[in-house]
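To keep things clear, I will list the structure first and then write my remarks on it.
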Amino acid sequence: MRELFLFIVFLLVFLLGMNFLRAGLFNLSGERLKNTLQRVTDKPWKGFIAGTIVTAVLQSSSAVTVMTVGLVSAGSLSFSQTIGIILGSNIGTTVTAEFMTFSLSKWIVPGAVIGALFILFSSFFLRSLGFVIFGMSSIFAAMEGFKSLAIPLSRYDFFSNVLLMIENHLLMALLIGMIMTAMIHSSSAMIGICMSFLSTGDLTVSAAIAIMLGSNIGTCITAYMASIGAGKEAAFTAYAHIWLNLLGSILFFPFIDELGTAAAFFTSEKNVQLAHASVIFNVICSIIVLPFSTLFATLIIKVHGRKK
């Protein structure tokens, strides 16, 4: 199966590109952003704003949540201070999906060449910038690859049956999004794949939104793994991340069609509708919980127990 092999290659290119992009952005601003998280989280709304901005800059909610778990484990933050950051990170990560809706195919090769050349420089700034440019080029190259493979893959019986099952059973779509994201540790990659199938008409917006909701749950695995052995407070942070995303996905699951309609109000392009749906979902969930962040933190402690 040549197409399946190429699909795996493009998936690896996408994940590699995300890692290059995050590494470059973190080198350029990571320590300053980390210090910002420590300084402005005395109020939930401050943590919320900081989490949104830091995640939008670093292009990864998982990276910010893992960073937050590390700060809690080191005693730099208390668990209650992390709720606002987590809520903000869920909004900040939607920037990645919106970013992937742009068509930059003609800049892929020049960007990859320029990025690779910059990486060879000894200057820390130029090398970091090179990682960013090369990472962005890799991401868009993978997206173009996904689009080229969407139709050929849908012709295989296995994939056509999976697509049919997803369309007929949205709960299965949610589970697939959750499991696949947990396996590849990237909700952005999962959403990118969905966008490719949306652009070719092999996937409906409702099914893609169900997968997106599942990916919001699956992405929690990274923070949970980072919290293992990091102490009780860090574990509470991971549990809070899981419960926030799980409850939000359960809350919105019956309203997938309405969410799709709301996204369609802004654009007729189906892949862009998915990105907008992700924004609407995460903004509403975070804003609903933010006023009750202290109460939510108390509930997490009660449910999962604090050691005396």
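What follows is calculated from the coordinates using simple rules that are stated; it is not laboratory data. No experiment lies behind these values; they were computed from the predicted model shown. As a convention, Cβ positions derive from the backbone with ideal geometry for all residues, glycine included, and neighbour counts pool all protein chains shown.
Remarks
- Listed residues Leu104, Gly70, Ile217: farthest to the positive end of the dipole of segment 2-304 (Cβ charges): Gly70
- Dipole orientation for the chain: of the candidates Val289, Gly145, Ser186, Val289 has the Cα lying most toward the positive pole (charges on Cβ; Lys, Arg +1; Asp, Glu -1).
- Extension gain from Ile179 to Phe158, taking 0.36 nm per residue of separation minus the Cα-Cα distance: 5.8 nm
- Other residues whose C-beta falls under 14 angstrom from the C-beta of Ile108 contribute a net charge of +1, scoring Lys and Arg +1 and Asp and Glu -1.
- Label-point separation, Glu144 to Phe5 (7 Å along Cα→Cβ), nm: 2.2
- Computed E for Asn19/Lys106 - FRET, C-beta separation, R0 25 angstrom, nearest 0.05: 0.55
- Dipole magnitude of segment 172-308 about its Cα centre (Cβ charges: Lys, Arg +1; Asp, Glu -1), debye to nearest 20: 760
- Mean ellipticity per residue at 222 nm, deg cm²/dmol - from DSSP H runs of n ≥ 4 across the chain, formula -39500 (n - 2.57): -27000 deg cm²/dmol
- Taking all Cα pairs closer than 8 Å and separated by 6 or more residues, the relative contact order of the chain comes to 22 percent.
- Positive-end residue of Ile166, Gly248, Ser206, charge dipole of the chain with Cβ unit charges: Gly248
- Rounded to the nearest 20 debye, the dipole magnitude of segment 2-304 is 760 debye, with +1 charges on Lys and Arg beta carbons, -1 on Asp and Glu beta carbons, and the Cα centre as origin.
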